[in-house]
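The values are calculated or read from the model by the stated rules, or taken from the named source; none is laboratory data. Quick caveat, the model's predicted, so the values are computed rather than measured. All Cβ positions, even for glycine, are placed from backbone atoms using ideal geometry, and neighbour counts span all protein chains on display.
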Amino acid sequence: MAAERLLEVDELQVSFVTEDGVVKAVDGVSFTLDRGEVVAIVGESGSGKSVTAMTLMGLTRGPNARFAGSAKLKGEELVTASEDKLQKVRGEEIAMIFQDPISSLSPVHRIGDQIVEQIRTHEKISKAAALDRTVQLMERVGIPRAAERARAYPHEFSGGMRQRAMIAMALSLSPSVLIADEPTTALDVTIQAQILEEMRQLSRESDSGVIFVTHDLGVVADIADRIVVMYSGRVVEQGTLNEIFYDPQHPYTWGLLGSVTRMDREPPHRLPAIPGQPPSLVNAPTGCHFRPRCPHAFDKCGEVPPLESHVNDDPSHLDRCWLDVDDKRKRREVEDGRIGLGTGSVAA
Amino acid sequence: MSTDTTAAEAQPPTTAKAPLLEAEHVKLYFPIKQGVLIDRTVGHVHAVDDVSLSLNEGETMGVVGESGCGKSTLARCFVRLLEPTDGALRYRGKDITHLNRRALDPMRREVQLVFQDPVSSLNPRKRVGQIIGTPLRLHGMEGRKVEERVRDLLGRVGLNPEHINRFPHEFSGGQRQRIGIARALAVDPQLIVLDEPVSALDVSIQAQVVNLLDDLQDDLGLSYVFIAHDLSVVRHVSDQIAVMYLGKLMELSPARELYTKPMHPYTEALLEAIPIPDPEENSRRERNVLSGEPPNPINPPSGCRFHTRCPHATEVCRAVEPPLAEYAGGHVTACHHPLNVSAEEIKAATRSPLSPISSGDEMPSANGASSAPAARSGETEPTTPAREADDGGQRV
């Protein structure tokens, strides 16, 4: 069954001209998002995951920004869309939840009024009707005594409640795409669990597509259907949840999976770490960007590997690595054995 | 409460080896002032409320809790950046609770602090050499020796000694944290208090820094107090872990046992809240999402501070503050209905001397823990309480 294709991002490139040179923040990112699906974009700081998400809403436009490639929403181009067109898209078609709710909400307006304003900018309805809807939305995302709390200011809300208010605002116009940029990173673990539960439920009910940007693979395992792994501006691997977790193809993905602490296992004597640091985006290494940190790099890695399917010609599982698949599985087993993880069994 | 003043000389008989750092019923209340001309104190934030801990030489104490539980305030008490409102702090048996700046000088050299945010804790106008050299100069080192030592330290924490003349902004987050660690190491400390040292770093870099701390401890025989907001990273470094909630100590346990046998419902909730990076395992395990948010520390709840969010809370939890009960193996927890323990274990439990002075005498009763003490998961009944505690997470 083919669900409706909402987003199609193809070879998207975003660079910023700075005093130090051209920063290639996003360097060829392609992925798709269908209705009812949760796609997670995973990467560390500087991998370009947030820039990718913000570009979809036209939030990275500026005099020094350069774009190439395409990002289509239901067949319509977003990268070159006019500002008027984008204004309509924002909120109605694509809504965004940011990492830091305190700086994304106006401190001098009541929470309810901020949501009402968003609704009334896009729809011709009365204030009272908009407020009714606001209260319903706030109840839906788990804010108790919503009618009363709609009159509160952001500083009167706790971090978790503020993030709920942001989610209510994002849902207010029933967008078809919801972008969540590290929505739980600033929250305590018990509150993170609450918000994730909430988002899981909402994505099931609302039938929209969700792009979940995060650096935390634990959270990903909790919520995503498909995963896009980014490193230094490029997609290094993408696939379904099981493909990425049980048969990862790129050595960077191995490293990422290895460095997450697992509460359900005996801890390894030493934490597995990826040596070195992410490269500078101004002077990225030639060829594969992960080459300087990769223990498996060889001559061929001086050329940029294409994002291709290597496993059973499965079109959903793509990676950017020159190594042979069987060779990789062997190497990965050795690596896992060395760092004391269980053997990464290949998904049946 | 004032009995501690004369107790400075008395060594506690609990351990044969004298602990390096001891906190005894430490309280720190921040006053809330109000008024235009005259500041009236209208209330107190109970940041740390009667916490007792002790750290042995060469060991690591992990302190875990969510925002507002008082873990950072406690860390600042340990290095005496803050003066406790009540209770006693001892370093190598010497009372340091109310010492003045000058008297603290020798201890300052031995106890260092590493901050969470490597950006704001390094002066952007100073070169790395100056940043790490300052504590050396303050403690009397001069001239070329300082530079030699700084180069040595940079190499020690895995940075290039040639970078001695660079500014902090020329380094990445992980490297900046290494600079912070090098600065703390400069004066040959015995104890380093690490306040969320890796929370601001990427996962792959976190592992590098944790491994570095591990190596330094082995090589230099350091003791650490490692503050963290969740239970994942502390596991790798700690010998003992203390779990705090709203200013109180909830559980104190040898590190390994805390993960296999959490006794306090809050500890269990913290463990369950961490997602497992394995889709199958993750969907298999039963998770009880803790509802509500931590209450206000200005007016903490009566009885057990956790009772407003606890799925196991009963009448006694609302009325009586539970004492810290000590179980076999030095596992201490403040709960009327501890998890994962058998009736025999409960009977054998004794009231720990770490218990808060205000706590009741009521020890956990064996019939309170009726549920089977076997596996962690699925033990708690799947209650889905109202999403919010009564105060709705409101903050003042």
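Remarks
- Being polar (S, T, N, Q) and either buried (at least 23 other Cβ atoms within 10 Å of the Cβ) or farther than 28 Å from B:R287 by Cβ (or both) is a description that applies to A:S176.
- Qualifying residue in the range B:193-206 (condition: charged (D, E, K, R), surrounded by 18 or more Cβ atoms within 10 Å (Cβ to Cβ), touching a His at 6+ places or on another chain (Cβ under 7 Å) and modelled with pLDDT under 90): yes
- Number of the condition not met by A:K328 [criteria: (1) part of a loop (DSSP other than H, G, I, E, B); (2) touching a residue at least 60 places away in the same chain (Cβ under 8 Å)]: (1)
- Qualifying residue in the range A:74-83 (condition: on the phi > 0 side of the Ramachandran plot and modelled with pLDDT of 90 or more): yes
- From the options A:E182, A:E237, A:E243, A:E205, residue that is free of Cβ contacts under 8 Å to residues at least 40 places away in the same chain and either under 15 Å from the mean Cα position of the chain (by Cα) or more than 10 Å from chain B (Cβ to nearest Cβ) (or both): A:E205
- Which numbered condition B:S283 misses (of (1) over 29 Å from B:S54 (Cα atoms); (2) touching a residue at least 24 places away in the same chain (Cβ under 8 Å)): (2)
- Test for A:D84: is it over 29 Å from A:T32 (Cβ atoms), part of a helix (DSSP H, G or I) and either touching an Asp or Glu at 6+ places or on another chain (Cβ under 6 Å) or not β-branched (V, I, T) (or both): no
- Filtered by the rule that a residue be away from chain A (no Cβ under 13 Å), under 11 Å from the mean Cα position of the chain (by Cα) and not in a strand (DSSP E or B), the range B:215-259 gives a lone residue, B:G247.
- Residue within the range A:311-318 that is crowded, with 19+ Cβ neighbours inside 10 Å and away from chain B (no Cβ under 14 Å) present: yes
- Scanning the range A:88-125 for residues that are among the polar types (S, T, N, Q), modelled with pLDDT under 90 and closer than 27 Å to A:R5 by Cα returns a single hit, A:Q99.
- Annotation note: of A:L196, A:L187, the sole residue that is under 27 Å from A:L56 (Cβ atoms), within 11 Å of another protein chain (Cβ to nearest Cβ), among the aliphatic types (A, V, I, L, M) and in a helix (DSSP H, G or I) is A:L196.
- The C-beta contact set for the range A:274-289 (first residue farther than 21 Å from B:V203 by Cα, second residue assigned to a loop (DSSP other than H, G, I, E, B) and acidic (D, E), distance under 6 angstrom, 6+ apart or interchain) comprises A:V282/A:D20; A:G287/A:E303.
- Answer residue from the range A:208-220, given it is of a type outside the set (V, I, T) and buried (at least 24 other Cβ atoms within 10 Å of the Cβ) and is farthest from the other protein chains (Cβ to nearest Cβ) among those: A:G209
- Options A:V282, A:V235; residue that is more than 20 Å from B:V233 (Cα to Cα), of a type in the set (V, I, T) and in contact with an Asp or Glu (Cβ under 7 Å, 6 or more places away or on another chain): A:V282
- Residue list for the range A:251-299, filter: of a type in the set (G, A, S) and within 14 Å of chain B (Cβ to nearest Cβ): A:G255, A:G258, A:S259, A:A273, A:G276, A:S280
- The helices (runs of 4 or more DSSP H) found entirely in the range B:89-173 that carry 2 or more residues being in contact (Cβ under 8 Å) with a residue 40 or more places away in the chain and under 30 Å from B:A23 (Cα atoms) are B:101-110, B:128-138.
- Condition check for A:F31: assigned to a strand (DSSP E or B), without any contact (Cβ under 8 Å) to a residue 60 or more places away in the chain and surrounded by 14 or more Cβ atoms within 10 Å (Cβ to Cβ): no
- The residue list A:G58, A:G36, A:G46 contains one member that is more than 24 Å from A:H250 (Cβ to Cβ), among the small types (G, A, S) and in contact (Cβ under 8 Å) with a residue 40 or more places away in the chain, which is A:G36.
- Selected residue (only one of B:E148, B:E142, B:E162, B:E83 is over 26 Å from the mean Cα position of the chain (by Cα) and either farther than 16 Å from B:A186 by Cα or among the hydroxyl-bearing types (S, T, Y) (or both)): B:E162
- Filtered by the rule that a residue be loosely packed, with under 11 Cβ neighbours inside 10 Å and modelled with pLDDT of 50 or more, the range B:1-33 gives B:A16, B:K17.
- Residues satisfying the stated conditions in the range B:269-290, i.e. at the interface with chain A (Cβ under 7 Å from one of its Cβ atoms) and polar (S, T, N, Q): B:N282
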